[in-house]
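See below for the structure under consideration.
The values are calculated or read from the model by the stated rules, or taken from the named source; none is laboratory data. Just so you know, these numbers come straight off a predicted model, no measurement behind them. Note: ideal-geometry Cβ built from the backbone for every residue, glycine included; neighbour counts use all protein chains shown.
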Ligand SMILES: NC(=O)C1=CN([C@@H]2O[C@H](COP(=O)(O)OP(=O)(O)OC[C@H]3O[C@@H](n4cnc5c(N)ncnc54)[C@H](OP(=O)(O)O)[C@@H]3O)[C@@H](O)[C@H]2O)C=CC1
Ligand SMILES: Nc1nc(=O)c2c([nH]1)NC[C@@H]1CN(c3ccc(C(=O)N[C@@H](CCC(=O)O)C(=O)O)cc3)C=[N+]21
């Protein structure tokens, strides 16, 4: 995997990216085989190329070949140079909708008349195996959030470091380059791994001085042999991403590939170093295959184990999720002590999350300008499992019960009315719904519960023992809601609906600061208030 050169000149351990990538590829191949045997499905990767740039064609054919080798089905789209942006976007939409495709890669660069950002944004984030979607990059940049996919080259750089025994935590790392596809995401990843990160770019004065401070150098400037031996701190780990073609008349092709680091000089100073070719490049391809496999596993586990836990092997093993929702262990199904909070905004039809608790926010919500929002489906779902407290937005027309009742109609209309459809929708948002077999419940009319003038059951303290469980969705939609009173209600106010209920025990619901309290009275005798 790694060799130390024996000559007195060559001290550095040379990290063999090709060998490391080969190991990863064989691990992927055996997982693909397992998946195919157990679920009868294989991962699919669509590789879209526009135009006929020689370098792009060569990279794309490498990626397609690598897919074939590990058993990933590749979908090849070769579009002409003059294809319109709309046409590319409509192809992306087709691939988004194709259930056999688990990953979509649009080879960059695109021709000048096509706006790369517009195209990349259209790729469904569930299929964004390049990790270039703004949402994925945004999550990478945020503390406590994990994107669905990490960009392949940055992920490959970290894989090379870890497989070479280089620790990152607390180290000084310098990244040379700040592009969206390499420099910036690799810097963010190193930061997530607790390195102290400096980014050097084309406007940085005295890069040599900064680079010499680094324990870890990631070179991604696209400048052939820019980093000299004297720029490297003795013993540093050097990952050379640069892949530059330079003229070489001694080669049949007329060129050879060199990195951003002067490899010959680097070998004399660095602790370990990657060559070009044979360093980062093969890892980029291996990580693409890995992302595609992971994307496929995510989708396949969602579509095959709908509540019955048929393919446990491919389910998410988030410890916290397991703790709260493990089926069959009701004692664990307690409401969270520390719940997240959100505020509903009728205007945007979204809830703004004001307090985030727990790791669920790694995947839940949508981040916009640093603020996390939740759709009504997410709000209902999270409220139902006791993970989210929804505060109303102080306007009389959007109290919590209003939101439930009105919004439920919309959810029902939009998602089809059944909780199954709602679950499906949630799954498409990335939730693992199958564990939540126990609905948010309350004591039914036939229970003997009665507490005079005192809160009998608060939201959150769900009654898990009760035989008579109904989901919150059922509960709110089947409820007759009267105008809210002030609190406490007068005797006359209570007696009026009591008469209407003709013998059916009356329940009172109070919504205060987003907490739903359900009251039950045997006999109503409230003191007359001044
Ligand atoms: N092995 C692999 O898997 C991959 C290899 N590559 C290779 O990595 C290299 C970088 O690729 P990419 O990020 O796409 O390239 P870009 O051209 O998009 O970005 C280059 C970055 O390097 C900075 N830069 C340029 N010149 C200098 C300099 N003299 N000193 C300091 N910084 C400089 C630029 O700064 P500024 O922002 O100021 O312009 C820019 O941020 C290329 O050689 C590419 O072929 C790329 C992807 C994958
Ligand atoms: N949407 C998109 N995603 C990319 O990941 C992407 C892209 N566009 N555009 C171009 C860059 C470049 N890139 C490389 C991948 C593999 C090698 C690689 O395997 N290199 C071999 C040598 C290859 C050769 O010999 O030509 C090596 O370094 O050993 C290099 C570079 C991915 N990129």
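Just wondering, is there one or more residues in region 94-112 that are within 20 Å of residue 150 (Cβ to Cβ), in a strand (DSSP E or B) and more than 16 Å from ligand 1 (Cβ to nearest atom)?
yes
Report yes if some residue within region 57-79 is in the same structural domain as residue 152 (by TED's automatic domain parsing), in contact (Cβ under 8 Å) with a residue 60 or more places away in the chain, surrounded by fewer than 18 Cβ atoms within 10 Å (Cβ to Cβ) and within 16 Å of ligand 1 (Cβ to nearest atom); otherwise report no.
Scanning region 57-79 turns up at least one residue that is in the same structural domain as residue 152 (by TED's automatic domain parsing), in contact (Cβ under 8 Å) with a residue 60 or more places away in the chain, surrounded by fewer than 18 Cβ atoms within 10 Å (Cβ to Cβ) and within 16 Å of ligand 1 (Cβ to nearest atom).
Can you tell me which residues in region 252-273 are more than 9 Å from ligand 2 (Cβ to nearest atom), part of a loop (DSSP other than H, G, I, E, B) and either closer than 18 Å to residue 183 by Cα or at pLDDT 95 or above (or both)?
Within region 252-273, 260, 262, 270, 271 qualify.
At pLDDT 95 or above, in contact with a strand residue (DSSP E or B) (Cβ under 8 Å, 6 or more places away or on another chain), within 13 Å of ligand 2 (Cβ to nearest atom) and in the same structural domain as residue 259 (by TED's automatic domain parsing), is that true of residue 176?
Taking the combined requirement at face value, the residue does not satisfy it.
Pull out all pairs, ordered by first then second residue, where Cβ-Cβ is under 6 Å, the residues are six or more apart or on different chains, the first lies in region 142-168 and is more than 27 Å from residue 373 (Cβ to Cβ), and the second is in a loop (DSSP other than H, G, I, E, B).
Short answer, once both residue conditions are applied: 153/182; 168/193; 168/195.
Please give the number of the condition residue 38 fails out of (1) in contact (Cβ under 8 Å) with a residue 60 or more places away in the chain; (2) assigned to a helix (DSSP H, G or I); (3) closer than 21 Å to residue 285 by Cα.
Condition not satisfied by residue 38: (3).
Please count how many residues of region 169-184 are on the phi > 0 side of the Ramachandran plot and either free of Cβ contacts under 8 Å to residues at least 40 places away in the same chain or under 22 Å from the mean Cα position of the chain (by Cα) (or both).
1
Given (1) surrounded by 22 or more Cβ atoms within 10 Å (Cβ to Cβ); (2) under 26 Å from residue 128 (Cα atoms), identify the lone condition not met by residue 274.
Against the list (1) surrounded by 22 or more Cβ atoms within 10 Å (Cβ to Cβ); (2) under 26 Å from residue 128 (Cα atoms), residue 274 comes up short only on (2).
Out of region 229-246, which residues are in contact with a strand residue (DSSP E or B) (Cβ under 6 Å, 6 or more places away or on another chain), outside any loop (DSSP other than H, G, I, E, B) and within 16 Å of ligand 1 (Cβ to nearest atom)?
238, 239, 240, 244, 245, 246 - these are the residues of region 229-246 that are in contact with a strand residue (DSSP E or B) (Cβ under 6 Å, 6 or more places away or on another chain), outside any loop (DSSP other than H, G, I, E, B) and within 16 Å of ligand 1 (Cβ to nearest atom).
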